[in-house]
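What follows is a short report on a single structure.
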Amino acid sequence: MAETSRLSGARFSESGAYLGPGTKVSGKLLFEGPTTIEGTIEGEVLVHGDVTIGEQATIKGKISAASALIRGKVAADILADKKIEIQPPGVVIGDLFTQSLVIGEGAILEGHCTMRKEKEGKVLPLLPQDAANRKSDESPS
């Protein structure tokens, strides 16, 4: 049986997902938990956790994560719920949407940044069973 990590350059460890240098991916990628990317991606990167874009990485498209640490080359809009940090030799060409932004000396940002305090609360719809329970509670006995 062939090892998937050798073929794709991706592997999973205790610290989360890792996409190694030399790996090239095109399309929409979804990662659960902390993720480190050192390869080349063209498309959309969705991370349910924190993402680190390593020095050897090149991303073109869109990135969405809880927080992002950028040390590579990114030509993408970045949406991070908590924080975006760009450290040298990191280069970002695109718009940023986050609560907190850190740009280290020598790092480059070409784009706009929109900062907001905290994620706005969302009103969630009632589940069908909740609505049924609510109707039975409201009906006269």
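No value in this document is a laboratory result; all are computed from the given coordinates. For clarity, every value in this text was computed on a predicted model and none was experimentally measured. Ideal geometry is used to build each Cβ from the backbone, glycine not excepted, and the neighbour counts take in all protein chains shown.
Pairs over the 21 Å Cα-Cα cut-off, from the set Lys28/Lys73; Lys60/Lys117; Lys24/Lys60; Lys62/Lys83; Lys28/Lys117: Lys60/Lys117; Lys28/Lys117. Taking the number of Cβ atoms within 10 Å of each Cβ as an exposure proxy, the fewest-first ranking of Arg116, Arg71 is Arg116, Arg71. For a modelled paramagnetic label at Thr114, 7 Å from Cα along Cα-to-Cβ, the residues of region 60-84 in reach, with backbone nitrogen under 12 Å, are 78-80. Between Leu46 and Lys60, the simple spin-label model (points 7 angstrom out along Cα→Cβ) gives 2.3 nm.
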